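The values are calculated or read from the model by the stated rules, or taken from the named source; none is laboratory data. Please read all numbers here as calculations on a predicted model, not as lab measurements. Backbone-built Cβ (ideal geometry, glycine too); neighbour counts: all protein chains shown.
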Amino acid sequence: MSDLFGQIVGALGSGLPRLLGHALIASALLAVGILVYTRITPFHERPLIAQGNVAAGVTLGGAVVSLAVPLAAMLATSLATIDILVWGVVAVVLQLVAFMVVALLLKDLRRMIEGGNLAAAFALAGVQLAVALLNAGAMAG
């Protein structure tokens with residue numbers, strides 16, 4: 001029994017630093033992705049959300065989840081820190097490109113979101129989530 005406990009503690013001692021390191025890298029990538037996303041959108045989510053604009057909340061929430069999904073898939077399939085960093089950056093860039101494509105297709109996106117148009121917000125969030133799932137699937141190989 002003591003030997004088993006020692007093995008568990010040993011595994012925890014070697015695995016926990018790796019877990020924390022990988023989680024820190026993924027969290028930093030998520031934070032950077034959200035920061036860049038909020039800078040490239042033609043509307044300002046935080047003040048809109050503070051004013052009770054549900055459409056802005058849906059778009060920001062969709063963006064956060066769509067950035068996290070491929071990062072989670074990458075964490076599940078990559079063991080090396082450099083893989084996590086490189087593929088994490090790729091995941092974030094692809095998600096930002098997905099937003100830019102939708103913004104080009106929905107020409108009045110800023111006006112629609114600022115006006116609280118939930119249909120536009122859900123369309124944007126849906127495309128972002130679809131791209132995130134495809135991105136995650138591709139990364140999982």
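The set of residues in the stretch 83-100 that are within 22 Å of Arg18 (Cβ to Cβ), surrounded by fewer than 19 Cβ atoms within 10 Å (Cβ to Cβ) and under 11 Å from the mean Cα position of the chain (by Cα) contains only Val89.
Count of the stretch 95-141 residues, restricted to those that are among the charged types (D, E, K, R) and modelled with pLDDT under 90, is 1. Taken over the stretch 25-39, the criterion of being surrounded by 11 or more Cβ atoms within 10 Å (Cβ to Cβ) and either aromatic (Phe, Trp, Tyr) or more than 11 Å from the chain's Cα centre (by Cα) (or both) is satisfied by Ile25, Val36, Tyr37, Thr38. Every listed requirement among (1) surrounded by 15 or more Cβ atoms within 10 Å (Cβ to Cβ); (2) touching a Gly at 6+ places or on another chain (Cβ under 7 Å) is met by Leu60 save one, (2).
Identification of helices (runs of 4 or more DSSP H) wholly contained in the stretch 60-141 with 1 or more residues that are out of contact with any strand residue (DSSP E or B) (no Cβ under 9 Å at 6 or more places or on another chain) and basic (Lys, Arg) yields 109-114. Restricting the stretch 126-141 to residues that are more than 16 Å from Ile40 (Cβ to Cβ) and crowded, with 20+ Cβ neighbours inside 10 Å leaves a set whose member that is farthest from the chain's Cα centre (by Cα) is Met139. Among the residues of the stretch 79-87, is any charged (D, E, K, R) and in contact (Cβ under 8 Å) with a residue 60 or more places away in the chain? There is no residue in the stretch 79-87 that is charged (D, E, K, R) and in contact (Cβ under 8 Å) with a residue 60 or more places away in the chain. Whether a residue is exposed (fewer than 15 other Cβ atoms within 10 Å of the Cβ), in contact (Cβ under 8 Å) with a residue 24 or more places away in the chain and among the hydrophobic types (A, V, I, L, M, F, W, C) was assessed, and Val9 does not pass this test. For the stretch 73-82, the tally of residues that are surrounded by fewer than 17 Cβ atoms within 10 Å (Cβ to Cβ) and either in contact with a Ser or Thr (Cβ under 6 Å, 6 or more places away or on another chain) or under 15 Å from Ala28 (Cβ atoms) (or both) stands at 2.
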